[in-house]
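The values are calculated or read from the model by the stated rules, or taken from the named source; none is laboratory data. Just so we're clear, the structure is a prediction, and the values are computed from it rather than from any experiment. As a convention, Cβ positions derive from the backbone with ideal geometry for all residues, glycine included, and neighbour counts pool all protein chains shown. For the accessible areas, the whole protein counts, side chains as well, though only heavy atoms, and no ligand, DNA or RNA atoms are used. Shrake-Rupley method; radii C 1.70, N 1.55, O 1.52, S 1.80 Å.
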Amino acid sequence: MEARREGFGSRTAVILAMAGSAIGLGNIWRFPYVAGEHGGAVFVLAYVLATVLVSLPVFVAEVIVGRRSRTNAKDSFSVLTGGKPFWKAVGFLPVFIPLLIASYYSVIGGWSIEFLIQALKLAFINTTPEASTEIFTSFIARPWLPVVLHLLFFLLCAFIVSRGVKNGIERFSKITLPVLFVLIVLISVYSLTLPGSKEGVAYLFKPDFSKLSPKTFAYALGQSFYSLSLGMGAIITYGSYIRREENIMISSAGTAVSDLLFAMLAGLAIMPAVFAADIEPGAGPGLIFQSLPYIFSKMGIQAPVLSAVAAILFFFTIIIAAMTSLISLIEVGTACFVEKFGLSRPAAVSIITLLCGSAGVLCSLSFGPLSGITVADKNIFDIFDWSASNVLLLLMSLLVVIFVGFVMKKRDVRDEFTNGGAFGGNVRMFDLIYFLIKWVAPVAVLLIFISNFII
Ligand code: PHE
């Protein structure tokens, strides 16, 4: 088995692939609007704290489960417990959750393709905030085009996954991740020259503690998990491709730092634009699609070429960032179908495409023909996002830390974390990380999980 398994080729490849999974719509699309809905800078502060104290330990725990078991996310718990029925059952979660997320994630990928097309057609040269909001809302309500673009987006990512871990995923992330960073830096530097930039920066970094509420923490932790791809088996799966000689702490911290940095850069790129366009920061999921076109158009009055280029680069950035994340979601199920049922990669990927493609169609239609179907004011798309981000991934993360903290032997955890004592830094850090995994993370996740239902 071990000999047949593919893996990542180097430490850089590990970090780039993991950061590719982490950096995505969560950073560019979700972070700014969730921060906008939950108090701006106080949310950012809670988010950074949550990442360092809770998400990073959970990340390490997932990598440990993956690398120790050397198998797909579904079987990893079972392999490590010698087939205990409860943990065998838990294994279904990391197959189900990524499928759920992949379905609606790809819909937003489709929206980004449409906006790239519009940018290429120079549609944002002359528009008002109302007009760009209208472009967005009327587009997502259309029955066909968003569905077709969602399927196209999914197929692109599925194709890369079908090419394998090294030739597909690793190669793609190695090229795209550095490009992403360059692009987001360029866009945020530009954004900082806009008229509303001071307000935007203050909104992100100057906390107004009167806006702090228990909800701020709940959403900050949910966002941090989502952004680091935790609680859905993606990191367990990628962890299982990490070679024995790599340092788990470096890979994990490297990913967390890149992800935080990217979220901040995305915030700096987007918030000034939101204020310059006079859009409510709590406008919800359409935030970036509504604020940015207006900015591009404003800029277009003085510098049409620069504006067109910025618009094209921005939507291109979103597409690439979303692709590397969707790829990791597809890989979770693929690894499982290949290893569990002996399917070929293309066959496994095709099944997943069929499942998520169809579920995604429902999510897409929930902004148009199916908008009447709601539960507690949430349409199908919102239900997918809410149940995955606010419920299931917290539950799964809780199970992972309980597993590493209470079910696995401490000796084994230490052995995996320190590579049998080979890494001195990790040996010194072990007690702290173990404490965070075993006590801090479960308590924090449990509190937030419960708070979701009572606040
Ligand atoms: N972390 C990704 C993002 O920030 C989303 C994602 C979640 C990807 C889970 C893979 C697994 O967009």
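A few points about this structure:
- Using a Förster distance of 41 Å, the FRET efficiency for D415-L186 (Cβ separation, nearest 0.05): 0.40
- Restricting the calculation to Cα atoms, every distinct pair contributes to the Kirkwood radius of region 293-381, found to be 16.4 Å.
- In summary, region 289-336 shows an alpha-carbon radius of gyration equal to 1.66 times the 2.2 N^0.38 Å reference for compact globular proteins.
- Partners of K74 within straight-line reach, counting aspartates and glutamates whose Cα lies under 19 Å from its Cα and excluding those fewer than 8 residues away in the same chain: E2, E6, E62, E331, E339.
- Distance from the Cα centroid of region 72-124 to that of region 425-455 is 24 Å (rounded to whole angstrom).
- Projected label distance in nm at F86 and S213, using a 7 Å step from Cα toward the beta-carbon: 3.6
- Rg and Dmax [Cα atoms of region 142-215; Å; Rg one decimal, Dmax integer]: 19.7, 51
- All aspartates and glutamates inside 14 Å of K298 as judged from Cα atoms, apart from same-chain residues fewer than 8 positions distant: E130, D278
- Taking all protein chains into account, the per residue accessible area for region 57-210 stands at 42 Å² (1.4 Å probe).
- Qualifying trypsin sites (Lys or Arg not before Pro) in region 57-89, DSSP loop, other Cβ atoms within 10 Å at most 15: none
- Square roots of 5 times each gyration tensor eigenvalue, C-alpha, region 392-455, largest first, Å: 28, 11, 8
- Overall, the ratio between the Cα radius of gyration of region 1-140 and 2.2 N^0.38 Å, rounded to two decimals, is 1.42.
- What the Kirkwood sum gives for region 1-62 is a hydrodynamic radius of 14.0 Å, with every pair of different alpha carbons counted.
- Using alpha carbons only, the radius of gyration of region 208-332 set against its Kirkwood radius gives Rg/Rh = 1.05.
- When only alpha carbons of the chain are considered, Rg and Dmax amount to 21.1, 67 Å.
- For region 304-344, the solvent-accessible area with a 1.4 angstrom probe is 29 square angstrom per residue.
- Value of Rg to Rh for region 218-269 (Rh from inverse mean 1/r over Cα pairs, i.e. Kirkwood): 1.03
- Relative intensity of region 345-455 on a log10 scale, I(q)/I(0) at q = 0.12, 0.23 Å⁻¹, equals -0.69, -1.12, per a Debye sum over C-alpha point scatterers of equal strength in the absence of solvent.
- Once the convex hull of all Cα atoms in region 180-223 is built, its volume per residue stands at 85 Å³.
- When the Cα convex hull of region 80-183 is projected onto planes of every orientation, the mean area is 10.4 nm².
- Theoretical gain in end-to-end length, R163 to V179 [0.36 nm per residue, Cα-Cα removed]: 3.6 nm
- Reducing region 338-369 and region 174-237 to their Cα centroids gives an inter-centroid distance of 29 Å.
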